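Student: Okay, here's the structure, questions in a sec.
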Amino acid sequence: MPEYWIDSDAMIFAKNNGFNFDIAPGFWDFLAKMAEAGSLRSPIKVHQELIVGTDQLADWAKQQRDVLFV
């Protein structure tokens, strides 16, 4: 059972406000590692919302499909 759940707003806000992929790649690596460890999850609806875009967050979400999103 995951300890934490993250929604689309938290990821979009992070990307747009100081934690974008160019400035804070470690933040996104940390989220991926937490997901791999089973401590972080996000609903599949969030994945569907994020992949609509054509930015780095959409690309990252696509890469995390099988690990983060349930």
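Student: All but one of (1) surrounded by 12 or more Cβ atoms within 10 Å (Cβ to Cβ); (2) out of contact with any helix residue (DSSP H, G or I) (no Cβ under 7 Å at 6 or more places or on another chain) hold for ALA61; state the number of the condition that does not hold.
Tutor: So the condition that ALA61 fails would be (2).
Student: Does region 1-51 hold any residues that are within 15 Å of PHE69 (Cα to Cα), open to solvent by 40 Å² or more (accessible area, probe 1.4 Å) and among the β-branched types (Val, Ile, Thr), and which are they?
Tutor: Passing the criteria: ILE44, ILE51.
Student: Note down all Cβ pairs under 9 Å where the first residue falls in region 10-22 and is at positive phi, the second is open to solvent by less than 40 Å² (accessible area, probe 1.4 Å) and in a loop (DSSP other than H, G, I, E, B), and they're at least six residues apart or on different chains.
Tutor: Filtered contacts from region 10-22: GLY18/ALA24.
Student: So the check is Cβ under 9 Å with 6+ separation or different chains; which pairs have a first residue in region 43-68 that's among the aliphatic types (A, V, I, L, M) and a second one that's open to solvent by 60 Å² or more (accessible area, probe 1.4 Å) and part of a loop (DSSP other than H, G, I, E, B)?
Tutor: What qualifies is ILE44/ARG65; ILE44/VAL70; VAL46/ASP7; ILE51/ARG65; ALA58/VAL52.
A quick yes/no check of all residues on (1) in a helix (DSSP H, G or I); (2) modelled with pLDDT under 95; (3) among the basic types (Lys, Arg); (4) under 9 Å from the mean Cα position of the chain (by Cα):
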residue	(1), (2), (3), (4)
PRO2	no, yes, no, no
LYS15	yes, no, yes, no
PHE19	no, no, no, no
GLY26	yes, no, no, no
ASP29	yes, no, no, no
LYS33	yes, no, yes, no
GLN48	yes, no, no, no
THR54	no, yes, no, no
ASP66	no, no, no, no
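The values are calculated or read from the model by the stated rules, or taken from the named source; none is laboratory data. This is a predicted model, so every value here is computed, not measured. Counting neighbours? That spans all protein chains shown, and the Cβs are built from the backbone with ideal geometry, glycine included. Accessible surface is based on the protein model in full, side chains and every heavy atom, while ligands, DNA and RNA are left aside. Shrake-Rupley method; radii C 1.70, N 1.55, O 1.52, S 1.80 Å.
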